1. If you go through segment 42-57 one residue at a time, do you hit one that is of a type in the set (Gly, Ala, Ser), open to solvent by less than 60 Å² (accessible area, probe 1.4 Å) and at pLDDT 95 or above?
2. Considering segment 17-41 alone, what residues qualify as being within 20 Å of Ala2 (Cβ to Cβ) and either among the acidic types (Asp, Glu) or open to solvent by 60 Å² or more (accessible area, probe 1.4 Å) (or both)?
3. Give segment 58-67 a look and list any residue that's open to solvent by 60 Å² or more (accessible area, probe 1.4 Å) and more than 11 Å from Ala5 (Cβ to Cβ), or say none.
Amino acid sequence: MADVAVVVPLMRPENLERLTTSFEATNDGTANLHVIADETEPTTYAEKVNHAYRTTTEPWLLLVGDDVE
């Protein structure tokens with residue numbers, strides 16, 4: 001079971017492929033990637049962060065921007 005929820009409030013959909021490729025290449029199984037996309041509710045950055053906080057179950061949460069590698 002993963003200990004870390006890596007939360008990405010996606011504001012720029014064009015970054016998604018690069019972000020997921022980077023995550024998959026470097027994750028050793030200790031983290032789960034949670035992307036809150038523009039097509040879903042909520043729609044603002046803050047709403048997406050709050051949604052992720054309420055719905056993740058991992059004991060640790062890492063909030064990153066959609067431009068992280």
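1. no
2. Hits for segment 17-41 are Thr21, Glu24, Ala25, Thr26, Asp28, Thr30, Asn32.
3. Selection gives Asp67 alone.
The values are calculated or read from the model by the stated rules, or taken from the named source; none is laboratory data. These figures come from a predicted structure and were not determined experimentally. Positions of Cβ are backbone-derived with ideal geometry, glycine not excepted, and every protein chain shown enters the neighbour counts. When the accessible area is computed, the model is the full protein with side chains, heavy atoms only, and any ligands, DNA or RNA have been set aside. Shrake-Rupley method; radii C 1.70, N 1.55, O 1.52, S 1.80 Å.
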